[in-house]
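The values are calculated or read from the model by the stated rules, or taken from the named source; none is laboratory data. Fair warning: this is a prediction, and the values are worked out from it, not measured in the lab. Neighbour counts run over all protein chains shown; Cβ positions are idealised from the backbone, glycine included. Each accessible area value is taken on the protein alone, full model and side chains, heavy atoms only, with ligands, DNA and RNA left out. Shrake-Rupley method; radii C 1.70, N 1.55, O 1.52, S 1.80 Å.
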Amino acid sequence: MRSVLVVGAGFAGAVFARTLAEAGYHITVIDKRHHIAGNAYDEVDATGTRVHVYGPHLFHTSNMGVVKWLSRFTEWLPYRHFVDALLPSGQLAPLPINKTTLERFFNVSLDGEGSVNNLLAAQAVGISNPANAAEYLNSRLGRELTDTFFRPYTKKMWDLDLEDLDASVVKRIPLRADDNRDYFPDDTFQGLPADGYTELFRRIFDHPSIEVHLNESFDRSREQFYDYTFNSMPIDEYFGFCEGDLPYRSIKFHTRIQDVGDETGASVLNFTDSGPYTRETYWRRLPGHAVKPSSVQPVTREEPCDYRDNNFERYYPVKRSDGASTLLYDKYKALAMEIEGRTAFIGRCGTYQYLDMHQVINQSLQKANKWLMERGEKVEANVN
Ligand code: UDP
């Protein structure tokens, strides 16, 4: 039987493993961590609360092909994510910025979308072709809102000024003229896997032609034993950093245990101050996460840092406005092209892209099916 090595048991690796196993390949998955599910890994802690060990993973998409594929392995708990920002005044305000946020921030009463748009137009700075995150935000929100909601947070998150960050990073956050407080307003499907992400991955890997080896690091000498390798490791590390290090941000998680109180608020609170923390998550406010009754709960704060200060755990590729990291990645991509007959790079770290879960799954389904078609295999048309 033809055999394929998959490096990394996160979403990219899981999608490749399952798709190729179902097409008749034998799959060996290795992961250097002690668990499957990559950064989506969750577990139930001593308080009976489901915690996402690498920060909150909130599934959202408008791609029903992705939902259909995942739904073979999980049921869903409906959940629409909303977030509060803690203002310098101590007040809470909805984030993304909407009508309520503006009313609280400017201490005014706005009677409709027209007055919201008038207020924003009065704040906005005229910039026709924004070249970076600062220009993009200033052109839509003006300096005061930008410098409160985005500048300190971005500095903590990326260790970059907004001027040095690519606009696409902050374009992830919508702007609303109404009272809708959806964090992902454009996505028709939002939900959390009913039994958690780890269980979802366990079911994806549960196939007679897939074997998973944990605590096992990749070594290039392994490739010779397989017909092909799909590798989700950091592409610069694979090539021995020969062109230089690709920058990544990482997160240190600090969890405290506190009494359960009124748990009706947002599950995520973002900090606008310039201290070390970007946000904190109240896990028991997420549906299905209060697995057992408890009078206490974990709350997790996130402290971004360079990945070299966090055990080389790479979470976020850094997209600078000067394109420097993309240019560096392109050099590695050129090296990858030379070996594409036997290896392909997949996922966030393999392709150096700031991707959400649904994007990784969609890309992986498409690439796996393309790879199979190139080999004359039949594939199911289940992706957009
Ligand atoms: N951002 C910010 N203030 C916030 C939330 C987000 O400045 O309160 C900026 C910041 O640069 C962040 C980016 O918007 O990295 C994208 O935010 P998102 O919540 O999508 O980040 P993720 O959940 O992927 O960490």
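What the table shows:
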read-out	value
Residues (under 19 Å from the mean Cα position of the chain (by Cα) and open to solvent by 30 Å² or more (accessible area, probe 1.4 Å)) located in region 315-336	Tyr316, Lys319, Arg320, Thr326
Test result for Ala290, closer than 24 Å to Lys171 by Cβ, away from the ligand (no atom under 15 Å from the Cβ) and not polar (S, T, N, Q)	no
Scan of region 157-176 for residues that are buried (at least 20 other Cβ atoms within 10 Å of the Cβ) and either near the ligand (Cβ under 9 Å from one of its atoms) or at positive phi (or both), ordered by number	Trp158, Leu160, Leu162, Leu165, Val169, Val170
Residue in region 342-384 that is least open to solvent (accessible area, probe 1.4 Å), counting only those that are of a type in the set (D, E, K, R) and part of a helix (DSSP H, G or I)	Arg348
Options Asn180, Asn215; residue that is at positive phi and not aliphatic (A, V, I, L, M)	Asn215
Residues (touching a helix residue (DSSP H, G or I) at 6+ places or on another chain (Cβ under 7 Å) and either within 16 Å of the ligand (Cβ to nearest atom) or at pLDDT below 95 (or both)) located in region 362-384	Val379, Asn382, Val383, Asn384
Answer residue from region 47-58, given it is within 14 Å of the ligand (Cβ to nearest atom) and under 14 Å from Thr198 (Cβ atoms) and is least open to solvent (accessible area, probe 1.4 Å) among those	His52
Inter-residue pairs, beta-carbon under 8 Å, first over 21 Å from Leu102 (Cα atoms) and in region 167-191, second small (Gly, Ala, Ser) and near the ligand (Cβ under 10 Å from one of its atoms), 6+ apart	Ala167/Ala133; Val169/Ala133
Conditions (1) touching a strand residue (DSSP E or B) at 6+ places or on another chain (Cβ under 6 Å); (2) at pLDDT 95 or above: number failed by Ala23	(1)
Boolean, Asp236 is charged (D, E, K, R), at negative phi and open to solvent by 40 Å² or more (accessible area, probe 1.4 Å)	no
Residues that are over 15 Å from Asn369 (Cβ atoms) and in contact with a helix residue (DSSP H, G or I) (Cβ under 6 Å, 6 or more places away or on another chain), drawn from region 15-40	Ile27, Val29, Ile36, Ala37, Ala40
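Matching residues to (1) open to solvent by 30 Å² or more (accessible area, probe 1.4 Å); (2) under 19 Å from Val170 (Cβ atoms):
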residue: Gly90; (1), (2): yes, no
residue: Asn98; (1), (2): no, yes
residue: Thr101; (1), (2): no, yes
residue: Phe105; (1), (2): yes, yes
residue: Leu110; (1), (2): no, no
residue: Asn117; (1), (2): yes, no
residue: Gln123; (1), (2): yes, yes
residue: Ile127; (1), (2): yes, yes
